[in-house]
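Working notes for the structure below.
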Amino acid sequence: MDKVVSVNGTDYEIIKLLGHGKGGYSYLACSRGGKAVLKQIHHEPCDYYTFGNKIEAEKNDYRRLKEAGIRIPAMIAVDDAHERIVKDYIDGPTVFELVRDGVSAEPFIVQVREMAELAKRAGLNIDYFPTNFVVHDQLIYYIDYECNQYMDEWNFENWGIKYWSRTPEFEEYLKTHHEGEGIMANSFAEIKLFQVKPEKTEEFEALAERMSSEQAKWDGCISVKYVKRFYTIDGIEPGDPPRELTKVVKCVKYYSYWEFDTKENYGKAIKRFFDCYMKEVQRLLISPFDISLGYSLF
């Protein structure tokens, strides 16, 4: 995703990726009107869901949820040509984050049951997974616009409630996704080693700050970090803190860790990295940087 994205002539600066769902990527964005959520529709395959026209589905679902009386963020703008939607940003933790962090979601069960009843009366099911609910001023908001024809199998009592406390189902999801911790099981990760010329360290660190800000916004990125090697455990007693390096030999080493949801998104991102930064980075190094790749184990 570009740093600045236009929606019907209004520019939005992308701050960070909020989430990647089966229908699109959601970003925290900022415009003159303040913070908002910008959703970019994607067309990645989904094994368990069949889509029609996604942008029309979003608009229709928003209308149905409003008519049903479900508390949702307002839709600010729709850009049909570029398949983008802008909606209000609801500031607060998700119910998932509360449960994960040991906070009881019990105070909000009454509210979600009220939503479930309103949805059922309208012949709808919403997606009751707790990542889709944000708590703001003690009210929960359903932040996704997805809704489907009502079926008992997928209502709150038969499915959703299984994930609103530390149930076996919730624990299994945590084990395989680590949602909200910045780590996802079986994510695709890259580690780069940069050997920087000693006289170019300040320039490299300024460039790394600029690069990481951009890299974090690219599709599928979960996290990106840069580390300078300037401590060692050589020559210290076990249990003592590392000691600072005092001498530079040939170069100063920096590492970056770049994590993605899929290797396909990584492939697109590394091409973009090469196109944008390769020449600028290489002139600061004593030799080409090394890249190591692989899937996370847990």
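The values are calculated or read from the model by the stated rules, or taken from the named source; none is laboratory data. Everything numeric in this text was worked out from a predicted model, so none of it was measured. Here Cβ is always computed from backbone atoms with ideal geometry, including for glycine, and neighbour counts include all displayed protein chains.
Scanning the range 67-97 for residues that are within 16 Å of K120 (Cα to Cα) and out of contact with any strand residue (DSSP E or B) (no Cβ under 9 Å at 6 or more places or on another chain) yields E67, G69. What about K225, is it without any contact (Cβ under 8 Å) to a residue 60 or more places away in the chain, within 29 Å of L28 (Cβ to Cβ), exposed (fewer than 15 other Cβ atoms within 10 Å of the Cβ) and out of contact with any strand residue (DSSP E or B) (no Cβ under 6 Å at 6 or more places or on another chain)? Considered against the rule, which asks whether it is without any contact (Cβ under 8 Å) to a residue 60 or more places away in the chain, within 29 Å of L28 (Cβ to Cβ), exposed (fewer than 15 other Cβ atoms within 10 Å of the Cβ) and out of contact with any strand residue (DSSP E or B) (no Cβ under 6 Å at 6 or more places or on another chain), K225 comes out as no.
Is it true that D144 is surrounded by 18 or more Cβ atoms within 10 Å (Cβ to Cβ), closer than 20 Å to Y25 by Cβ and outside the structural domain of A36 (by TED's automatic domain parsing)? The answer is yes for D144. Yes or no: the range 20-41 includes at least one residue that is within 30 Å of S165 (Cβ to Cβ), buried (at least 16 other Cβ atoms within 10 Å of the Cβ) and free of Cβ contacts under 8 Å to residues at least 24 places away in the same chain. Yes. The condition of being assigned by TED's automatic domain parsing to the domain that holds A216, within 31 Å of the chain's Cα centre (by Cα) and not hydrophobic (A, V, I, L, M, F, W, C) holds for only one of K253, K247, that being K253. Checking the structure you have, find out if any residue of the range 238-250 is touching a residue at least 24 places away in the same chain (Cβ under 8 Å) and touching a strand residue (DSSP E or B) at 6+ places or on another chain (Cβ under 8 Å). Yes, some residue in the range 238-250 is touching a residue at least 24 places away in the same chain (Cβ under 8 Å) and touching a strand residue (DSSP E or B) at 6+ places or on another chain (Cβ under 8 Å). Restricting attention to the range 269-298, report how many residues are surrounded by 15 or more Cβ atoms within 10 Å (Cβ to Cβ) and either without any contact (Cβ under 8 Å) to a residue 12 or more places away in the chain or closer than 25 Å to H20 by Cβ (or both). The qualifying residues number 4.
Scanning the range 89-143 for residues that are among the aliphatic types (A, V, I, L, M) and under 16 Å from L18 (Cβ atoms) turns up I90, V95, V134, V135, I143. Return yes when K39 is part of a strand (DSSP E or B), under 22 Å from I126 (Cα atoms) and outside the structural domain of S165 (by TED's automatic domain parsing) and no when it is not. It is true that K39 is part of a strand (DSSP E or B), under 22 Å from I126 (Cα atoms) and outside the structural domain of S165 (by TED's automatic domain parsing).
Residue-by-condition table, conditions (1) surrounded by 14 or more Cβ atoms within 10 Å (Cβ to Cβ); (2) over 27 Å from F170 (Cβ atoms); (3) modelled with pLDDT of 90 or more:
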{"position": "N53", "(1), (2), (3)": "no, yes, no"}
{"position": "Y62", "(1), (2), (3)": "yes, yes, yes"}
{"position": "E83", "(1), (2), (3)": "yes, yes, yes"}
{"position": "V86", "(1), (2), (3)": "yes, yes, yes"}
{"position": "V103", "(1), (2), (3)": "no, no, yes"}
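Modelled with pLDDT of 95 or more, of a type in the set (S, T, Y) and touching a helix residue (DSSP H, G or I) at 6+ places or on another chain (Cβ under 8 Å) - does that describe any residue in the range 129-138? No.
Could you grab me the full set of residues in the range 152-193 that are outside any helix (DSSP H, G or I), buried (at least 16 other Cβ atoms within 10 Å of the Cβ) and modelled with pLDDT under 95? Within the range 152-193, H178, E179, G180, M184, S187, F188, A189 meet the criteria.
Annotation: K225 fulfils all but one of (1) assigned to a loop (DSSP other than H, G, I, E, B); (2) within 19 Å of F194 (Cβ to Cβ); (3) of a type in the set (K, R); the unmet one is (1).
I'm told V196 meets every condition in (1) within 27 Å of the chain's Cα centre (by Cα); (2) surrounded by 14 or more Cβ atoms within 10 Å (Cβ to Cβ); (3) aliphatic (A, V, I, L, M); (4) closer than 30 Å to Q282 by Cβ except one. Can you identify the failing condition by its number? Failed condition: (1). Inside the range 51-95, residues that are in a loop (DSSP other than H, G, I, E, B), farther than 16 Å from C147 by Cβ and within 22 Å of the chain's Cα centre (by Cα) make up a count of 8. With respect to (1) within 15 Å of A189 (Cα to Cα); (2) touching a Leu at 6+ places or on another chain (Cβ under 8 Å), the lone exception for T232 is condition (1). Selection over the range 237-268 of residues that are hydroxyl-bearing (S, T, Y), closer than 20 Å to E199 by Cα, out of contact with any helix residue (DSSP H, G or I) (no Cβ under 9 Å at 6 or more places or on another chain) and surrounded by 11 or more Cβ atoms within 10 Å (Cβ to Cβ) gives a count of 1.
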